[in-house]
Structures are given as structure tokens and as C-alpha cells.
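Peer 1: My questions will all concern the structure given below.
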Amino acid sequence: MVVPGADYEFQNMKSLKVSTLIVGLTLSIVASPRTALAASPFKKVSSGILHVPSGVIFPPRVGAFRFITTKLYGSAGRDAGAGYNVGSAIRGDVYVYPLGTYAKDFNGELRVQQSAIKQANQAVKIVSQGRFQMNQGGRAISGMLVQYELTRSLWGEKSHRCGSQLYLFRDGPWLIQGRFSYPIEHGGTAEKQIGEFFRLWQWQAQGNVVQLKRSTSDGSRG
């Protein structure tokens, strides 16, 4: 079944294997001319790391979150993401991939993600679910926010009770997903910091809007 996300076991992905994990593509290092990086869909630009197929920007910092690494899942580089953490307090990942990669429409995608969370974690409980709106380059984009309590490991340590949030947006032919998890005892602070992340993150740099609209306009599967 499934799809990228901080709470997911990647070996169960449907018709897609984790082919490459690009580690160390930080904003302080220019990509070396090795073959693997030469084929990368990522490009270093003044505002951060650009995912070229979608035009989505991953900045070096967003609020309290610091960029950690890029991630590549397949689909000729169109299914990708980046890690953003707040020290050891919040584990976060954001993803961009074409609509149709895992489900045929937005509602189907949301169901796929929720099913994956239930399969990959223990004692999963939905706390709330509803619409979530953010501003993107002067445009109001409406998506979904699902908040959970679940049991999992965050950084390889013993599993414990966590708060976890799933964000899902559609921007033209692309889906933007966010997965954030944190120790449940830090929930108040974590929820504020994650909310700030989505208030501040402008994934479309001013010059990338046209590129985003032209890329993968058929929403085909990767």
C-alpha cells in the first residue's frame, strides 16, 4: 500500500520502492558532480532546495524547524520530500508528488494515508479531523488536517505515546503532504510550532508559479 510519511514503514509501498535516499544535500554544500546527484530532481537555489519537477521550495529554516535532508522515492524524481526537525522534540517530513501516484483523487489519497498510519503504528486514535487553510503566494489553499494520538518510536528509541499530525493539500496537479510527530507530553508547544510551519512555509518561490502549473498537468502516475 503506501506512501511516504514519517510514521510509515517504507517496505510496504505499493508499486514503488524506495530507490534513493539523498542524504547530505544541505544548504551549505553544493552538490558534487557524481552520477547519482547529477540525476537528482533537486537544485540548490538562493531560497533553499528546489524540487525542479514541481517547483516546490524547501527553505533552510521554517519557523523553529531546520531543514535536515531531501528524500527521493521514485516516479522519475517527481515523488520526493524533505525532513524538517525541531531538535529532538518534533520529527517532521514534507512531501510533494503528483495526484494519482497512490490514489485517483484527493479524498482517496487521504484514505490511503490514514489507512497507512493505522497499519504502521499502535493504538492509533484520531483526535480531530477538519479543513485547514493556508496562504500560498497570495492564494488561499484549503487542505485537511488529521490529528492523532498513537504509539511509535521517533528516533529509534523505545516506542512511546506520541501526538501526530497529517496535513494534505492539493496545488494544481501536485499533492503536498506533511507528517509531524512528537512526544505527547510536549503537545502544546509542538502543535503551535507545527501550525507556525504551515503559516510561514511558502513552497512556491515567486518565479516558480508558472513552472508548477505546467509540470505534470495530466496528474499521471509516477
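So that you can scan it fast, the table gives a plain yes or no per residue for (1) modelled with pLDDT of 95 or more; (2) assigned to a strand (DSSP E or B); (3) more than 23 Å from Val146 (Cα to Cα):
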{"site": "Pro4", "(1), (2), (3)": "no, no, no"}
{"site": "Leu16", "(1), (2), (3)": "no, no, yes"}
{"site": "Leu72", "(1), (2), (3)": "no, yes, yes"}
{"site": "Gly83", "(1), (2), (3)": "yes, yes, no"}
{"site": "Ile117", "(1), (2), (3)": "yes, no, no"}
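Peer 1: Go through (1) of a type in the set (A, V, I, L, M); (2) modelled with pLDDT under 95; (3) closer than 26 Å to Glu196 by Cα; (4) not in a loop (DSSP other than H, G, I, E, B) one by one and return the number of the condition Leu25 breaks.
Peer 2: Evaluating Leu25 over (1) of a type in the set (A, V, I, L, M); (2) modelled with pLDDT under 95; (3) closer than 26 Å to Glu196 by Cα; (4) not in a loop (DSSP other than H, G, I, E, B) leaves (4) as the failure.
Peer 1: Mind listing whichever residues of the stretch 121-136 are crowded, with 19+ Cβ neighbours inside 10 Å and under 19 Å from Ile90 (Cα atoms)?
Peer 2: Asn121
Peer 1: Can I ask one more? Just to be sure I understand, how many residues within the stretch 137-177 are open to solvent by less than 10 Å² (accessible area, probe 1.4 Å), in contact with a Leu (Cβ under 8 Å, 6 or more places away or on another chain) and more than 18 Å from Gly195 (Cα to Cα)?
Peer 2: Qualifying residue count, the stretch 137-177: 3.
Peer 1: State whether the residues of the stretch 33-46 include one that is in contact with a strand residue (DSSP E or B) (Cβ under 7 Å, 6 or more places away or on another chain), under 30 Å from Asn121 (Cα atoms) and modelled with pLDDT of 60 or more.
Peer 2: Checking the stretch 33-46: not a single residue is in contact with a strand residue (DSSP E or B) (Cβ under 7 Å, 6 or more places away or on another chain), under 30 Å from Asn121 (Cα atoms) and modelled with pLDDT of 60 or more.
Peer 1: Checking Ala103 against (1) within 20 Å of Gly187 (Cβ to Cβ); (2) without any contact (Cβ under 8 Å) to a residue 40 or more places away in the chain; (3) small (Gly, Ala, Ser), only one condition comes out false. Which one?
Peer 2: Here Ala103 clears every test but (1).
The values are calculated or read from the model by the stated rules, or taken from the named source; none is laboratory data. Just so it is clear, the model here is predicted, and its values are computed rather than measured. We place every Cβ from the backbone using ideal geometry, glycine too, and count neighbours over all the protein chains shown. Just so you know, the surface numbers come from the protein's heavy atoms only, side chains and all, with ligands and any DNA or RNA stripped out. Shrake-Rupley method; radii C 1.70, N 1.55, O 1.52, S 1.80 Å.
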